[in-house]
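Beneath this line is the structure, given in C-alpha cells, with notes to follow.
Any read-out appearing in this document is the output of simple, stated calculations on the displayed coordinates, not a laboratory observation. This is a predicted model, so every value here is computed, not measured. When we count neighbours, we look across all protein chains shown, and the Cβ atoms used for this are built from the backbone with ideal geometry, even at glycine.
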Amino acid sequence: MIELFFVTCLIAEPDRCSNHSLLFEEQNGLFTCMLQGQSELVRWVQTHPTEQVREWKCRYADRNETPI
C-alpha cells in the first residue's frame, strides 16, 4: 500500500498539529499518489475547515518512518 502522509495544524492554534494518512493501492504507485495527493488533500481540508495542511508526502505504508 502507498500512504499519503500529511500533517495538519489548527488555523486558530498553529502549534496544535496532528498526523494523518490516506492509503492508495500499491499498484497505482508513488507517482499516482503524488499526482492525486493534492486533490485528496483539498477534499480533506474541505471537510475539516478549521485545519490547514502543513506538510505532506507519499511513501510506502509498511515502512516505519518517523513522523514529520
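Quick look at the values:
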| quantity | calculated |
| --- | --- |
| Relative packing of peptides 3-9, 52-58 - highest average C-beta neighbours within 10 Å first | 3-9, 52-58 |
| Alpha carbon Rg of the chain, scaled by the compact-globule rule 2.2 N^0.38 Å | 1.11 |
| Estimated inter-spin distance, Leu10 and Glu55, nm [label 7 Å along Cα→Cβ] | 2.1 nm |
| Dipole magnitude of the chain about its Cα centre (Cβ charges: Lys, Arg +1; Asp, Glu -1), debye to nearest 20 | 120 debye |
